[in-house]
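Just below is one structure, and these are the notes that go with it.
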Amino acid sequence: MASLKRLETEFPILDRDFQSFCALRGIFTVQDFLIHDLQSLVADAEQQTSSERFMQAINQVLCVIDGLHRPWSNGVELMEDAQKNKHVLSTGCEGMDFLLRGGLHKGQVTELAGPSSSGKTQFCLLTASTVAYKHMGGVIYLDTGNSFSAKRIAQFLNQISRPAFDEMQPIVLQKVMNSILCQSVFDIFSMFDVLHCLESKLKSQMCRGDNDEILIIIDSISSLITPILGSSGSQGRALMVSAMSLLKKLAHEYNLAVLVTNHTVGGDGGIPKPALGESWKTLTHVRLLLSRDCGSDTYHVSLLKHPSAASGKAAKFIINN
């Protein structure tokens, strides 16, 4: 990968001072930057007299990393990658699955945005239940607001698997619950810790040829990112890009589907739009906007972004209480 010195021509913010700062920490290339502890680098940068410029430079390198293109592939390699990474996981909602061309795609990060009480958490719990039961796969559920409900999982299982669930309720419930690993995280640094531990686990499983996890859910990622965007300036944006880069890496390298939720803010004419700014909307593969009829179990979802489908399509579905 390119050296920081070479990148200076295109990105002047990566000047000699920043290169010297990085060199003292063994960072000379973009590859060195990738394997370095970002949290440690940010903390060191904040202690420098040119901290603001260094944070802007770190943010610039992260943007370069996120914009890197994959190398050229021949037709056989593209076919093999498609067969590996285009498997889909049903969400348990027919309308949503239809809109997503089958469900959540492995190798991709899907964002579900919506206002408070629009059904984001209910959809996450239903998806976790469906994947653990129908796909017999492990689900990593990062809960940022104490909203995970084992009781609700059991209710969804009752709807998904009847009458089989009635006959084998204790066995099925225990198996599904064992497949859903829930971890509470309340700041972005805790999320990084959990994801890095997960990456180590996935590496070990891959070496053994035994990869059980197939879905990561973060409900909600915006509650972790919004606080750092509001107070940390370029550092917050750098951490946001780094978080998404890590999720994309996990999705692609370990053939996982990733589902994250986001809140909404007022857009043009008061129409709700996903939060986290313009930079965020370029980072996910798929974007969905969710709403709910007041006092009803009927939900509406529209497609804002999809790599293989036109935006603007919409569907509706029901999640029973």
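When you go through L224, L288, L283, L229 one by one, which is the residue that is in contact with an Asp or Glu (Cβ under 8 Å, 6 or more places away or on another chain), crowded, with 17+ Cβ neighbours inside 10 Å and farther than 16 Å from T110 by Cβ?
Unique residue meeting the criteria: L224.
Between a first residue in the stretch 249-267 that is at positive phi and a second residue that is basic (K, R) and in a loop (DSSP other than H, G, I, E, B), which pairs have beta carbons less than 7 Å apart while being 6 or more apart in sequence or on different chains?
From residues that are at positive phi, the pairs are N255/K106.
Do you know which residues across the stretch 273-305 are out of contact with any strand residue (DSSP E or B) (no Cβ under 7 Å at 6 or more places or on another chain) and either more than 25 Å from S242 (Cβ to Cβ) or outside any helix (DSSP H, G or I) (or both)?
T282, L283, D293, C294, G295, S296
Could you grab the pairs with beta carbons closer than 7 Å, sequence gap of 6+ or different chains, first residue in the stretch 25-48 and farther than 22 Å from G236 by Cβ and part of a loop (DSSP other than H, G, I, E, B), second one small (G, A, S) and open to solvent by less than 50 Å² (accessible area, probe 1.4 Å)?
That search, which allows pairs on different chains as well, returns F28/S3.
So which residues in the stretch 105-138 are among the hydrophobic types (A, V, I, L, M, F, W, C) and open to solvent by less than 30 Å² (accessible area, probe 1.4 Å)?
Scanning the stretch 105-138 gives V109, L112, A113, F123, C124, L125, L126, A128, V131, A132.
State whether the residues of the stretch 300-321 include one that is open to solvent by less than 40 Å² (accessible area, probe 1.4 Å), modelled with pLDDT under 85 and farther than 28 Å from I65 by Cβ.
no
Identify, please: which residue in the stretch 255-272 is assigned to a loop (DSSP other than H, G, I, E, B) and open to solvent by 10 Å² or more (accessible area, probe 1.4 Å) and is, among those, modelled with the lowest pLDDT?
Of everything passing the filter in the stretch 255-272, G267 is modelled with the lowest pLDDT.
Would you call K84 among the basic types (K, R), at pLDDT 90 or above and outside any loop (DSSP other than H, G, I, E, B)?
no
Quick check on this structure: which one of G95, G102 is outside any loop (DSSP other than H, G, I, E, B) and open to solvent by 10 Å² or more (accessible area, probe 1.4 Å)?
After applying the criteria, what remains is G95.
Pull out all pairs, ordered by first then second residue, where Cβ-Cβ is under 6 Å, the residues are six or more apart or on different chains, the first lies in the stretch 120-145 and is closer than 14 Å to A257 by Cβ, and the second is open to solvent by 20 Å² or more (accessible area, probe 1.4 Å) and in a helix (DSSP H, G or I).
What qualifies is A132/S179; G138/S179.
May I ask you to verify whether K201 is more than 20 Å from L62 (Cβ to Cβ) and free of Cβ contacts under 8 Å to residues at least 60 places away in the same chain?
Against the criterion (more than 20 Å from L62 (Cβ to Cβ) and free of Cβ contacts under 8 Å to residues at least 60 places away in the same chain), K201 qualifies.
The values are calculated or read from the model by the stated rules, or taken from the named source; none is laboratory data. Note that the coordinates shown come from a computational prediction; the quantities given were computed from them, not determined experimentally. Virtual Cβ from ideal backbone geometry, glycine too; neighbours counted across all protein chains shown. Quick note on the areas: whole protein, heavy atoms, side chains included, nothing else; ligands and nucleic acids left out. Shrake-Rupley method; radii C 1.70, N 1.55, O 1.52, S 1.80 Å.
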